[in-house]
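Engineer: Pasting a structure here, questions to come.
Each reported figure results from applying straightforward, stated rules to the coordinates on display, with no laboratory input. Small disclaimer: the values here were computed from a predicted structure and weren't measured. Cβ: placed from backbone, ideal geometry, glycine included. Neighbour counts: every protein chain shown.
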Amino acid sequence: MPITWAGIRIVIASMLWSTIGVASLYGGDVVLVSLIRTITASTISALFVRSRSKASIIAGSVLGALFFSYLISVLLAGVGPAAYLLYTAPLWSSLIAIKYGERLSKYSVISISLIIASIALMVLESTLYGTLTAIGITSGLISGIIYGVYISITRYYSIKGLDKEVSLGAIPYTLVSVLPASIICYTLGRVEFKHLGNSLIAGIYLAIFCTIIPYRLFSIGAKYLSASTSAVLASVEPVFACMWDYVIFSKVPSAPLVIAYALITLASIIASTRK
């Protein structure tokens with residue numbers, strides 16, 4: 001597969017992931033929507049791929065941890081901050097990839113630096129307006145680290161031809177983490193059933209268009225790209241999310257956020273550059 005098509009698959013996956021926030025807001029309850037999403041995605045995935053491989057178990061466990069940590073991050077930091085703090089992932093995945101023998105090119109280093117700079121701008125703006133706490137930032141960074149680990153694992157096993165195992169085959173194993181997390185949130189009074197209908201619609205949408213399809217696209221694309229390039233290309237998600245915010249909710253981003261999104265877009269372009 002040409003590098004260009006691999007990158008396009010990851011960008012499409014990012015565009016689909018960017019609708020998670022919109023769907024979650026429509027669903028009314030983040031915890032309930034996440035649980036429905038995981039159960040539905042696991043059921044559908046099991047119909048197509050049933051894997052007991054080491055790759056599926058490891059990838060699924062990490063992906064479930066990502067769902068869990070992101071859920072906690074949303075509760076502690078809010079949907080917006082949790083989303084962009086998740087994108088410290090290029091840094092962590094690139095560092096982990098070194099262990100697997102990958103070397104960082106100058107393009108990767110520049111791209112990662114731009115991503116980190118864009119996130120710093122976002123955190124600075126949020127901190128100045130008091131919308132983030134130290135605990136919230138920490139929870140978001142933990143999600144980013146776990147996401148980076150998942151990207152590295154996906155890359156590692158996809159190269160070995162196990163891209164189905166780390167995408168569709170891994171999804172059923174996410175229940176191991178998400179189900180206990182949902183039960184904990186329920187006991188803490190964090191789950192509301194008054195918008196159950198909306199939660200069902202949002203959860204099913206997320207299962208198909210924000211889980212099964214994009215993770216499959218990402219695993220295919222990651223098979224032909226480095227971990228750092230895959231991670232940076234996936235980081236265009238906030239740019240799409242900004243577009244949905246403007247089109248659907250009429251939210252105009254501030255100047256620092258515009259600069260941050262521009263840096264992310266530039267990082268994506270540089271990451272796709274080859275000598």
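Engineer: Quick check on segment 131-275: take the gyration tensor over C-alpha atoms, sort the square-rooted eigenvalues as a ≥ b ≥ c, and tell me if it's rounded (a/c under 1.5), prolate or oblate.
Structural biologist: In terms of gyration-tensor shape, oblate.
Engineer: For every helix of n ≥ 4 consecutive DSSP H residues, a contribution of -39,500 (n - 2.57) applies; sum these over the chain, divide by its total residues, and give [θ] at 222 nm rounded to the nearest 500 deg cm²/dmol.
Structural biologist: Dividing the helical sum by the residues of the chain leaves -24500 deg cm²/dmol.
Engineer: Please check: in the Gaussian network model of the chain (C-alpha springs, under 10 Å), which one of 60, 161, 78 has the largest mean-square fluctuation.
Structural biologist: 161
Engineer: Starting at the first residue of segment 169-182, write each ³J(HN,Hα) from the Karplus equation 6.51 cos²θ - 1.76 cosθ + 1.60 with θ = phi - 60°, in whole Hz, x for Gly and Pro.
Structural biologist: Karplus values, whole Hz, x for Gly and Pro: x, 8, 4, x, 6, 5, 4, 4, 9, 5, 4, x, 4, 5.
Engineer: Using 0.36 nm per residue, how much length does the chain from residue 193 to residue 160 gain when fully extended, once their Cα-Cα distance is taken away?
Structural biologist: Result: 7.5 nm gained on full extension.
Engineer: Could you tell me the number of lysine pairs in the chain with C-alpha atoms less than 15 Å from each other, where the two lysines are 8 or more residues apart or belong to different chains?
Structural biologist: Lysine pair count for the chain: 5.
Engineer: Picking from 59, 148, 69, whose Cα lies most toward the positive end of the charge dipole for the chain (charges on Cβ: Lys, Arg +1; Asp, Glu -1)?
Structural biologist: Result: 59, furthest along the dipole toward the positive end.
Engineer: How far is the Cα center of segment 75-125 from the Cα center of segment 147-192, in Å?
Structural biologist: 20
Engineer: How large is ³J(HN,Hα), in whole Hz, for each residue of segment 259-268 in order, when computed from phi with the Karplus curve 6.51 cos²θ - 1.76 cosθ + 1.60 and θ = phi - 60°, using x for Gly and Pro?
Structural biologist: With the stated coefficients, segment 259-268 comes to 5, 4, 5, 5, 5, 5, 4, 5, 4, 4 Hz.
Engineer: With 5 Å bins from zero, work out the P(r) of segment 146-208 over every alpha carbon pair and list the percent per bin.
Structural biologist: 4, 14, 15, 21, 17, 12, 9, 6, 2, 0
Engineer: Report, in debye and to the nearest 20, how large the dipole of segment 54-172 comes out about its Cα centre when Lys and Arg carry +1 and Asp and Glu carry -1 on their Cβ.
Structural biologist: 380
Engineer: So for each of 211-223, 125-137, 256-268 I average, over its residues, the number of other beta carbons within 10 Å; can you give me the resulting order with the highest mean first?
Structural biologist: On the way: 211-223: 23.8, 125-137: 14.5, 256-268: 19.5.
Descending mean neighbour count gives 211-223, 256-268, 125-137.
Engineer: Here's a follow-up. Would you work out if segment 51-114 is rounded, prolate or oblate? Take a ≥ b ≥ c from the square roots of the eigenvalues of the alpha-carbon gyration tensor; rounded if a/c is under 1.5, else prolate when a/b is larger than b/c, oblate otherwise.
Structural biologist: oblate
Engineer: Here's another thing I want to ask about it. Among 255, 113, 93, which residue has its Cα positioned farthest towards the positive end of the charge dipole of the chain, with +1 placed on the Cβ of Lys and Arg, -1 on the Cβ of Asp and Glu, and the dipole taken about the Cα centre?
Structural biologist: Positive-end residue among those listed: 93.
Engineer: Rank 82, 14, 137 by how far each Cα sits towards the positive end of the charge dipole of segment 3-271 (+1 on Lys, Arg Cβ; -1 on Asp, Glu Cβ) and give me just the farthest.
Structural biologist: 14
Engineer: How big is the dipole moment of segment 3-271 about its Cα centre under a simple scheme where the beta carbon of each Lys and Arg is +1, that of each Asp and Glu is -1, and everything else is neutral? Debye, nearest 20, please.
Structural biologist: That gives a dipole near 740 debye.
Engineer: Subtract the Cα-Cα distance of residue 247 and residue 133 from 0.36 nm times their separation in residues, and report this length gain in nm to one decimal.
Structural biologist: Between residue 247 and residue 133, full extension yields 38.2 nm more.
Engineer: Rounded if a/c is under 1.5, else prolate if a/b is larger than b/c, else oblate: which is segment 44-154, with a ≥ b ≥ c the root eigenvalues of its Cα gyration tensor? Show your work: numbers first, answer last.
Structural biologist: Numbers: a/c = 2.88, a/b = 1.30, b/c = 2.22.
Verdict is oblate for segment 44-154.
Engineer: While we're here: For segment 3-271, what mean projected area does the convex hull of the alpha carbons give, in nm²?
Structural biologist: Value for segment 3-271: 13.3 nm².
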